[in-house]
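**Q** Dropping the structure in here first, questions after.
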Amino acid sequence: MGTLVIATSNLGKLDEFKEMFKELPVELKCLADYPPLPSPNENGRTFAANAKTKATYYAKHLNEFCLADDSGLEVKALGGEPGVRSARFAGDEATDKENNDLLLQQMKFQITRTCRFRCALAVANPTGRIVAETDGSCEGMLLHEPLGENGFGYDPLFWSTELHKGLGEATAEEKNKISHRGKAVRKLIAMWKKAANNKNGKRQEKQGRKYSNEQQVNGKAEQENGASKPEREARPDTKPEVKPESKPEPETN
Ligand SMILES: O=P(O)(O)OP(=O)(O)OP(=O)(O)OC[C@H]1O[C@@H](n2cnc3c(O)ncnc32)[C@H](O)[C@@H]1O
Ligand SMILES: [Mg+2]
């Protein structure tokens, strides 16, 4: 079983990933399983750029496959702010409460409350090369005051137009179903499954070809020896995963 490090220092994100990846045959680790590293610079202009920077940085330092997430809230009336600056909207070391308070203050006289969460995911291999990328978004309206105790970050200010409730009120399961991160994770899992199926298919094809070549060689040897042993007895150690296509039985009428 391979290892995947969820490379985030945000415990809210980490819980969501753990829940969504729990069925996958992969050993999940997090940054707390390793000696501490300084945080990478997140000065990209897009979520995707920052997600790639983080994935590559942690993968190279930890020598493991790493998944990084860059996400944030875009508010239409603020021209897409806080966007990629969501974590440090109220300052470099700002808390969730400080970010939320500043956002409410800036939106005080705004009637248009449309907003959306966005998430970009990137997976890097242990050399730091990006091997997968996905994204997702989630539409909503910015509330006038915090609602509910669940979630993290800007969740208490986000009214989900898909759930018809605040993300601060939603259960983890409800949020994962419609969230920007949930959508991006499901795309990533679908990509992995497709890649695994392709790999399996190719392996079986190869095995099938090998088997049919061996059959031809054996057939020839048997002809030369004048022997015709049953196939299993002749080669007890080969058990093909895919049998070569058998000829259809001749039709009888
Ligand atoms: O960079 P890492 O270590 O992953 O952790 P971070 O918290 O700094 O994460 P980002 O740089 O991606 O910043 C994302 C900001 O957007 C907020 N955010 C992201 N996803 C969210 C979600 O699902 N619900 C509420 N707030 C969210 C989050 O609280 C941060 O303030
Ligand atoms: Mg960050």
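**Q** Can you compute the modelled spin-label distance between LEU28 and THR171, with each label point 7 Å from Cα toward Cβ, in nm?
**A** Going from the LEU28 label point to the THR171 one covers 1.8 nm.
**Q** May I pose another question? Can you give the charge dipole size of segment 3-197 about its Cα centre, rounded to the nearest 20 debye, using +1 on the beta carbon of Lys and Arg and -1 on the beta carbon of Asp and Glu?
**A** Here segment 3-197 has a charge dipole of around 740 debye.
**Q** How large is ³J(HN,Hα) for each residue in segment 122-127, as worked out from phi by the Karplus curve 6.51 cos²θ - 1.76 cosθ + 1.60 (θ = phi - 60°), to whole Hz, x for Gly and Pro?
**A** 9, 10, 10, 7, x, 7
**Q** Positive end of the charge dipole of segment 3-197 (Lys, Arg +1 and Asp, Glu -1 on Cβ, about the Cα centre): tell me which of ASN176, ASN125, TRP159 has its Cα farthest that way.
**A** About the Cα centre, the residue reaching furthest to the positive side is ASN125.
**Q** Report the label-to-label distance for GLN207 and LEU102 in nanometres (one decimal), using points 7 Å from each Cα along the Cα→Cβ vector.
**A** Calculated label separation equals 5.7 nm.
**Q** What FRET efficiency comes out for LYS60 versus ARG88 if R0 is 41 angstrom and r is the Cβ-Cβ distance? Round to the nearest 0.05.
**A** Numbers: r = 24 Å, r/R0 = 0.58.
Using R0 = 41 Å, I get an efficiency of 0.95.
**Q** Could you give the length gained by full extension between THR114 and GLU145, i.e. 0.36 nm per residue of separation minus their alpha carbon distance, to one decimal place? List each step's numbers first, then the result.
**A** Details: separation 31, 0.36 × 31 = 11.16 nm, distance 1.49 nm.
Computed gain between THR114 and GLU145 is 9.7 nm.
**Q** Order by neighbour count: ILE111, ILE178, fewest other Cβ atoms within 10 Å first, most last. Working shown, then result.
**A** Details: ILE111 6, ILE178 19.
In increasing order of surrounding Cβ atoms, one gets ILE111, ILE178.
All of the numbers you see were taken from the coordinates with simple rules; none came from a lab. A quick note: this is a predicted structure, and the numbers were derived from the prediction, not measured. When we count neighbours, we look across all protein chains shown, and the Cβ atoms used for this are built from the backbone with ideal geometry, even at glycine.
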